[in-house]
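Take a look at the structure set out below.
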Amino acid sequence: MLAVLGALFANGLITVLKLIGAVLTGSSGMMGESLHSLAGTTNQVFLLPGLGFYRRPASDKHPFGAARRMSF
């Protein structure tokens with residue numbers, strides 16, 4: 001959880017800095033990079049609820065816990 005929050009903060013800061021750089025320089029490449037960083041930051045926001053589901057204990061309905069298990 002702490003790693004996801006740290007990465008979320010860092011990527012959010014990088015996104016803002018890239019956006020500022022794009023506005024100041026007028027670089028379309030830098031604007032593209034800022035949008036790419038925004039997508040990564042948004043992905044990490046979606047990871048936060050998943051971590052909450054992962055910590056749910058086992059129950060009668062879900063005897064192995066609520067996390068999705070992959071079986072190969």
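Under a plain spin-label model, where a point goes 7 Å from the Cα along Cα-to-Cβ, how far apart in nm are L2 and H36?
Here the answer is 3.1 nm between the modelled labels.
Could you compute the net charge surrounding S27? Neighbours are other residues with a C-beta less than 15 Å from the C-beta of S27; K and R count +1, D and E count -1.
Working: positive: K18; negative: E33.
Residues close to S27 contribute a combined charge of 0.
Farthest toward the dipole's positive end in the chain, which of L19, L8, G50, given Cβ charges of +1 (Lys, Arg) and -1 (Asp, Glu) about the Cα centre?
Comparing the listed Cα positions along the dipole, G50 ranks first.
Quote the charge dipole size of the chain about the Cα centre in Debye, to the nearest 20; the model charges only the Cβ of Lys and Arg (+1) and of Asp and Glu (-1). List each step's numbers first, then the result.
Numbers: 6 positive and 2 negative charges, 68 e Å.
The calculation lands at about 320 debye.
Pop out the ³J(HN,Hα) list for region 25-36 in order, Karplus 6.51 cos²θ - 1.76 cosθ + 1.60 with θ = phi - 60°, rounded to Hz; leave Gly and Pro as x.
Each residue of region 25-36 in turn: 9, x, 7, 6, x, 5, 5, x, 5, 5, 5, 5 Hz.
Calculate the FRET efficiency for L17 and N43 from the Cβ-Cβ distance with a Förster distance of 25 Å, rounded to the nearest 0.05.
Working: r = 19 Å, r/R0 = 0.74.
It comes to 0.85.
As an exercise, find the ratio Rg/Rh for region 1-54 from alpha-carbon atoms, using the Kirkwood inverse-distance average for Rh.
Using Cα coordinates only, the ratio equals 1.11.
Where the centre of each part is set by its Cα atoms, how far does region 1-20 sit from region 23-41, in angstrom?
Region 1-20 and region 23-41 have Cα centres spaced 14 Å from each other.
Do the sum for the chain: with -39,500 (n - 2.57) for every DSSP H run of n ≥ 4, divided by all residues, what is the mean residue ellipticity at 222 nm, to the nearest 500 deg cm²/dmol? Could you put the intermediate results ahead of the total?
Details: 2 runs with 51 residues, N = 72.
Using -39500 (n - 2.57) per qualifying helix, the result is -25000 deg cm²/dmol.
Every read-out reported here was derived from the displayed coordinates using simple, explicitly stated rules and does not represent laboratory data. If you're wondering where the values come from, they're calculated on a predicted model, not measured in any experiment. Quick reminder, even Gly has a Cβ in these numbers, built from the backbone with ideal geometry, and neighbours come from all protein chains shown.
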